[in-house]
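Enquirer: Here you go, one structure.
What follows is calculated from the coordinates using simple rules that are stated; it is not laboratory data. The shown structure was predicted, so the numbers you read here are calculated from the model rather than taken from an experiment. Cβ: placed from backbone, ideal geometry, glycine included. Neighbour counts: every protein chain shown.
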Amino acid sequence: MASALEQFVNSVRQLSAQGQMTQLCELINKSGELLAKNLSHLDTVLGALDVQEHSLGVLAVLFVKFSMPSVPDFETLFSQVQLFISTCNGEHIRYATDTFAGLCHQLTNALVERKQEGELPEGLGDLMLLHRELLARAQDPARSCPRPQLRRCHLSQPLRGIGVLRQAIDKMQMNTNQLTSVHADLCQLCLLAKCFKPALPYLDVDMMDICKENGAYDARHFLCYYYYGGMLYTGLKDFERALYFYEQAIATPAMAVSHIMLESYKKYILVSLILLGKVQQLPKYTSQIVGRFIKPLSNAYHELAQVYSTNNPSELRNLVTKHSETFTRDNNMGLVKQCLSSLYKKNIQRLTKSGR
């Protein structure tokens, strides 16, 4: 092991033993270039450090390994990260929640983008394509998987990361009501794996605080948590909770149009109709962005809500046919059909009451 790496290991050991976590964070932040230049020796460095006693040093090494343009042995790295997250010292990693969350994001992206036979299509790193694929799979689990064995492989990669991210969140949180950026990663993997329930303990609580992650927390993570969470609840047909989650994504203060807000708004309209028979009014504090830009981009959905209010199923069917291309492109046709079904039920209930 090169002398510079030996010095790094010795410094990590010494600062960890002395409990000087702030200085240790400064060290690992400065050591990225050194570690990146010595990739072939990083496993030796890991072997010289104890995961529990030297959690921040191990975190720095794993983060650099995952930051490389290509990972030569993903399975080994996955096992190393899995072991680290399950056994690391939670008190220590809370000094470097930005790097710890970054490692979780890297793991999530790798599981989503793995390019082996039967894995996810290329391009899902793009947020818009990812949302569309998630919705399409929720409505048609066999989508793009003509062979049964590919369908299983589609789900296996995201599935294997769910337990790891649950442990990561538990390590990061100061309390169960604290939102971290890793929550969005967990929801994303649960959607792709069509394994919704593991996310529920992290969705069924009201978030009262946000883990700032040393300034690295991004509003996109907040939006994704509520958007993905809304999709999970929609898939479980808990429409009341889904409506609340979409509302949070829409009403978040914003100065620019967000694709996540737009997609949340479309689903908000559809879920409102299914649950309430009308579009629930958004909170007064909702950004003017919604009225100025998002509503005009959702004309087909407003038309659907307007026709729905007439209680005329045939007109609603005609409108669905008219805008079928839009609803299909947005991967919302499944929800649109549920709106049509809910109108039939609503009319039957209305006629039953009037006949008494």
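Enquirer: Anyone know which of Glu263, Glu26, Glu303 comes out most mobile in the 10 Å Cα GNM of the chain?
Expert: Greatest mean-square fluctuation among the candidates belongs to Glu26.
Enquirer: Which loop trypsin sites (Lys or Arg not before Pro) in region 201-269, with loop taken from DSSP, have no more than 14 other Cβ atoms within 10 angstrom of their Cβ? Write down the numbers at each step before the final one.
Expert: Numbers: sites: Lys212, Arg220, Lys237, Arg241, Lys266, Lys267; in loops: Lys212, Lys237.
Of the trypsin sites (Lys or Arg not before Pro), the ones in loops of region 201-269 whose Cβ has at most 14 other Cβ atoms within 10 Å are Lys212, Lys237.
Enquirer: Given the chain, what whole percent of its Cα pairs are spread farther than 30 Å?
Expert: When every Cα pair of the chain is considered, 45 percent fall beyond 30 Å.
Enquirer: Turning to a different aspect of this structure: For helix 148-172, report the angle its Cα long axis makes with the longest principal axis of the Cα atoms of the chain; keep it between 0 and 90° and round to the nearest 10°.
Expert: 60 degrees
Enquirer: Rg and Dmax of region 161-304, using alpha carbons, in Å: what are they?
Expert: Cα radius of gyration and Dmax of region 161-304 are 15.2, 46 Å respectively.
Enquirer: I would also like to ask the following. Enumerate the residues in region 59-87 having an amide nitrogen under 16 Å from the point lying 7 Å beyond the Cα of Ala36 toward its Cβ.
Expert: Hits in region 59-87 for Ala36 at 16 Å: 60-71.
Enquirer: While we're looking at this one, here's another question. Specify the angular offset, from 0 to 90 degrees and rounded to the nearest 10, of the alpha carbon long axis of helix 313-322 from the longest principal axis of the alpha carbons in the chain.
Expert: The answer is roughly 50 degrees.
Enquirer: So what is the orientation-averaged projected area of region 274-356, using the convex hull of its C-alpha atoms, in nm²?
Expert: Across all orientations, region 274-356 yields a mean hull projection of 6.4 nm².
Enquirer: Which number comes out as Rg/Rh for region 206-270 once both Rg and the Kirkwood Rh are worked out on C-alpha atoms?
Expert: Rg/Rh: 0.99.
Enquirer: Nearest 20 debye, what's the magnitude of the dipole of region 248-356 about its Cα centre given +1 on Lys and Arg Cβ and -1 on Asp and Glu Cβ? Write out the running numbers ahead of the final one.
Expert: On the way: 15 positive and 5 negative charges, 95 e Å.
Dipole about the Cα centre, nearest 20: 460 debye.
Enquirer: Something else: Can you list residues from other chains, or at least 5 along the same chain, whose modelled amide H is less than 5 Å from the amide H of Leu179?
Expert: Met208, Asp209, Ile210, Cys211
Enquirer: As I understand it, the value is the acute angle between the Cα axis of helix 299-308 and the longest principal axis of the Cα atoms of the chain; what does it come to in degrees, rounded to 10?
Expert: With rounding to tens, the tilt is 50 degrees.
Enquirer: Next question. Semi-axes of region 220-332's equivalent ellipsoid from the Cα gyration tensor, sqrt of 5 times each eigenvalue, largest first, rounded to whole Å?
Expert: Details: eigenvalues 102, 49, 35 Å².
Sorted largest first and rounded, they come to 23, 16, 13 Å.
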